[in-house]
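Here the structure is laid out as structure tokens; the discussion comes afterwards.
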Amino acid sequence: MKLHTLAHSRTGDKGDTSNISIIAYRAEDYPLLCEQLTAERVADFFAGLLPAGAAVRRYELPYVQALNFVLPGILRGGVTRSLALDAHGKCLGSALLDVELLTPN
């Protein structure tokens, strides 16, 4: 199933760094998100956009059933300096919601 089935996203950006929060619709789906949506998986998903050596960081927010990912350098100098078309965090958050999750048996 696609991530957007279980969660929605909120995003922000500061300079060339974007942060993407993935928020479970239901508390009971949060453990599945924690298990399958690792920092490494997000880094792999955005591998073509992240600068070499950039480390994606994941923060867990269990009381709001959310994960926050910080992606340094992905905005290539910041929204106002980037040559990329529509490189805002909103687009990155929407793209991440297309990740495939394994459904529990």
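The values are calculated or read from the model by the stated rules, or taken from the named source; none is laboratory data. Predicted model, so just to flag it, every value in this text is computed and none were measured. To get the accessible areas, we keep the full protein, side chains included, count just its heavy atoms, and leave off ligands, DNA and RNA. Shrake-Rupley method; radii C 1.70, N 1.55, O 1.52, S 1.80 Å.
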- Item | Odd one out for residue 76 among (1) assigned to a strand (DSSP E or B); (2) over 14 Å from residue 93 (Cα atoms) | (1)
- Note on the structure: Across the stretch 13-43, the tally of residues that are open to solvent by 20 Å² or more (accessible area, probe 1.4 Å) and at pLDDT below 95 stands at 6
